[in-house]
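Below: one structure, written as C-alpha coordinates.
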Amino acid sequence: MFNRKKERILGLIGALLAAALIGFTLYLCIQITLEPGKYDEIGIHFTSSDIQAMYMMYIPAFIASIISAFAALNTDKNPKICGIIMIVTAIIIIFSNIINIISFILLMCAGVMCLVRKEKKSFI
(Lines give C-alpha, C1' and ligand atoms only; values in the text may rest on other atoms or scores of the structure.)
Protein backbone atom coordinates (compact mmCIF):
# COMPACT_ATOMS: atom_id res chain seq x y z
CA MET A 1 0.00 0.00 0.00
CA PHE A 2 1.38 3.37 -1.01
CA ASN A 3 1.13 6.02 1.67
CA ARG A 4 -0.03 9.42 0.38
CA LYS A 5 -0.13 11.27 3.68
CA LYS A 6 1.20 14.56 2.26
CA GLU A 7 -1.48 14.75 -0.40
CA ARG A 8 -4.16 13.91 2.12
CA ILE A 9 -3.05 16.60 4.58
CA LEU A 10 -2.65 19.33 1.93
CA GLY A 11 -5.99 18.45 0.35
CA LEU A 12 -7.88 18.39 3.63
CA ILE A 13 -6.42 21.68 4.87
CA GLY A 14 -7.12 23.38 1.54
CA ALA A 15 -10.66 22.01 1.21
CA LEU A 16 -11.65 22.77 4.80
CA LEU A 17 -10.17 26.27 4.65
CA ALA A 18 -12.07 26.93 1.42
CA ALA A 19 -15.29 25.55 2.90
CA ALA A 20 -14.91 27.76 5.98
CA LEU A 21 -14.24 30.94 3.99
CA ILE A 22 -17.00 30.27 1.47
CA GLY A 23 -19.40 29.30 4.25
CA PHE A 24 -18.69 32.59 6.04
CA THR A 25 -19.26 34.50 2.80
CA LEU A 26 -22.56 32.66 2.25
CA TYR A 27 -23.55 33.57 5.81
CA LEU A 28 -22.90 37.24 5.02
CA CYS A 29 -24.96 36.94 1.81
CA ILE A 30 -27.85 35.48 3.79
CA GLN A 31 -27.60 38.31 6.32
CA ILE A 32 -27.68 40.88 3.52
CA THR A 33 -30.72 39.12 2.01
CA LEU A 34 -32.64 39.00 5.30
CA GLU A 35 -31.86 42.57 6.38
CA PRO A 36 -31.29 44.64 3.22
CA GLY A 37 -31.23 48.10 4.86
CA LYS A 38 -28.85 47.20 7.67
CA TYR A 39 -25.66 47.91 5.74
CA ASP A 40 -26.75 51.18 4.11
CA GLU A 41 -25.04 53.18 6.86
CA ILE A 42 -21.57 52.04 5.84
CA GLY A 43 -22.18 52.44 2.13
CA ILE A 44 -22.77 48.83 1.05
CA HIS A 45 -25.62 48.58 -1.44
CA PHE A 46 -26.52 45.31 -3.15
CA THR A 47 -29.27 44.78 -5.67
CA SER A 48 -31.16 41.50 -5.90
CA SER A 49 -29.22 40.54 -9.04
CA ASP A 50 -25.92 41.08 -7.16
CA ILE A 51 -27.03 38.77 -4.38
CA GLN A 52 -28.30 36.17 -6.86
CA ALA A 53 -24.91 36.24 -8.62
CA MET A 54 -23.17 35.73 -5.27
CA TYR A 55 -25.30 32.69 -4.56
CA MET A 56 -24.60 31.30 -8.02
CA MET A 57 -20.86 31.60 -7.40
CA TYR A 58 -20.55 30.52 -3.79
CA ILE A 59 -22.92 27.56 -3.53
CA PRO A 60 -21.18 25.47 -6.25
CA ALA A 61 -17.79 26.40 -4.79
CA PHE A 62 -18.93 25.28 -1.34
CA ILE A 63 -20.21 21.96 -2.71
CA ALA A 64 -16.97 21.46 -4.67
CA SER A 65 -14.86 22.08 -1.58
CA ILE A 66 -16.83 19.46 0.38
CA ILE A 67 -16.40 16.95 -2.47
CA SER A 68 -12.69 17.74 -2.52
CA ALA A 69 -12.42 17.05 1.21
CA PHE A 70 -13.93 13.61 0.67
CA ALA A 71 -11.60 13.04 -2.29
CA ALA A 72 -8.62 13.96 -0.12
CA LEU A 73 -9.55 11.17 2.27
CA ASN A 74 -9.40 8.60 -0.55
CA THR A 75 -6.04 9.47 -2.08
CA ASP A 76 -4.67 5.97 -1.47
CA LYS A 77 -7.39 4.21 -3.45
CA ASN A 78 -7.72 6.36 -6.60
CA PRO A 79 -4.95 8.98 -6.68
CA LYS A 80 -5.53 10.05 -10.29
CA ILE A 81 -9.25 10.74 -9.82
CA CYS A 82 -8.60 12.51 -6.52
CA GLY A 83 -5.94 14.66 -8.15
CA ILE A 84 -8.29 15.70 -10.93
CA ILE A 85 -11.07 16.48 -8.44
CA MET A 86 -8.70 18.62 -6.36
CA ILE A 87 -7.45 20.59 -9.38
CA VAL A 88 -10.99 21.23 -10.66
CA THR A 89 -12.07 22.29 -7.17
CA ALA A 90 -9.12 24.67 -6.91
CA ILE A 91 -10.08 26.33 -10.19
CA ILE A 92 -13.75 26.65 -9.13
CA ILE A 93 -12.71 28.09 -5.77
CA ILE A 94 -10.37 30.73 -7.21
CA PHE A 95 -13.04 31.92 -9.63
CA SER A 96 -15.58 32.28 -6.85
CA ASN A 97 -13.51 34.29 -4.39
CA ILE A 98 -9.97 35.68 -4.60
CA ILE A 99 -9.64 35.49 -0.80
CA ASN A 100 -9.25 31.72 -1.19
CA ILE A 101 -5.81 32.02 -2.77
CA ILE A 102 -4.23 29.91 0.00
CA SER A 103 -6.83 27.18 -0.50
CA PHE A 104 -6.18 27.35 -4.24
CA ILE A 105 -2.44 26.87 -3.78
CA LEU A 106 -2.87 23.99 -1.31
CA LEU A 107 -5.41 22.16 -3.48
CA MET A 108 -3.34 22.65 -6.65
CA CYS A 109 -0.23 21.29 -4.92
CA ALA A 110 -2.14 18.29 -3.57
CA GLY A 111 -3.78 17.61 -6.95
CA VAL A 112 -0.51 17.78 -8.86
CA MET A 113 1.21 15.59 -6.27
CA CYS A 114 -1.56 13.00 -6.63
CA LEU A 115 -1.15 12.99 -10.40
CA VAL A 116 2.66 12.99 -10.50
CA ARG A 117 3.81 10.71 -7.69
CA LYS A 118 4.43 7.13 -8.70
CA GLU A 119 4.36 4.09 -6.51
CA LYS A 120 7.79 2.77 -5.59
CA LYS A 121 8.17 -0.85 -6.57
CA SER A 122 9.90 -3.21 -4.20
CA PHE A 123 11.45 -6.45 -5.30
CA ILE A 124 10.87 -8.24 -2.01
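The values are calculated or read from the model by the stated rules, or taken from the named source; none is laboratory data. Quick caveat, the model's predicted, so the values are computed rather than measured. Positions of Cβ are generated from backbone atoms using ideal geometry, with glycine treated the same way; all protein chains shown enter the neighbour counts.
Test of understanding: among 62, 95, 46, 70, which residue is within 19 Å of residue 7 (Cα to Cα) and aromatic (Phe, Trp, Tyr)?
Answer to the check: 70.
Among the residues that make up the range 8-28, is at least one of them among the basic types (Lys, Arg) and not in a loop (DSSP other than H, G, I, E, B)?
Yes, that holds for at least one residue.
Out of the residues in the range 72-91 that are in contact (Cβ under 8 Å) with a residue 40 or more places away in the chain and of a type in the set (A, V, I, L, M, F, W, C), state the one that is surrounded by the fewest Cβ atoms within 10 Å (Cβ to Cβ).
Residue satisfying both the conditions and the ranking: 73.
Output yes when any residue across the range 58-66 is exposed (fewer than 11 other Cβ atoms within 10 Å of the Cβ), closer than 22 Å to residue 11 by Cβ and modelled with pLDDT of 85 or more, and no when none is.
no
Count, please, the residues in the range 31-41 that happen to be surrounded by fewer than 10 Cβ atoms within 10 Å (Cβ to Cβ) and assigned to a helix (DSSP H, G or I).
First pass over the range 31-41, keeping only residues surrounded by fewer than 10 Cβ atoms within 10 Å (Cβ to Cβ): 34-35, 37, 40-41.
Applying the additional criterion that residues be assigned to a helix (DSSP H, G or I) yields 34.
Going through the range 31-41 one residue at a time, the tally reaches 1.
So that you can scan it fast, the table gives a plain yes or no per residue for (1) under 16 Å from residue 94 (Cβ atoms); (2) surrounded by 15 or more Cβ atoms within 10 Å (Cβ to Cβ):
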{"residue": "5", "(1), (2)": "no, no"}
{"residue": "11", "(1), (2)": "yes, yes"}
{"residue": "15", "(1), (2)": "yes, yes"}
{"residue": "19", "(1), (2)": "yes, yes"}
{"residue": "26", "(1), (2)": "no, yes"}
{"residue": "29", "(1), (2)": "no, yes"}
{"residue": "43", "(1), (2)": "no, no"}
{"residue": "50", "(1), (2)": "no, no"}
{"residue": "70", "(1), (2)": "no, no"}
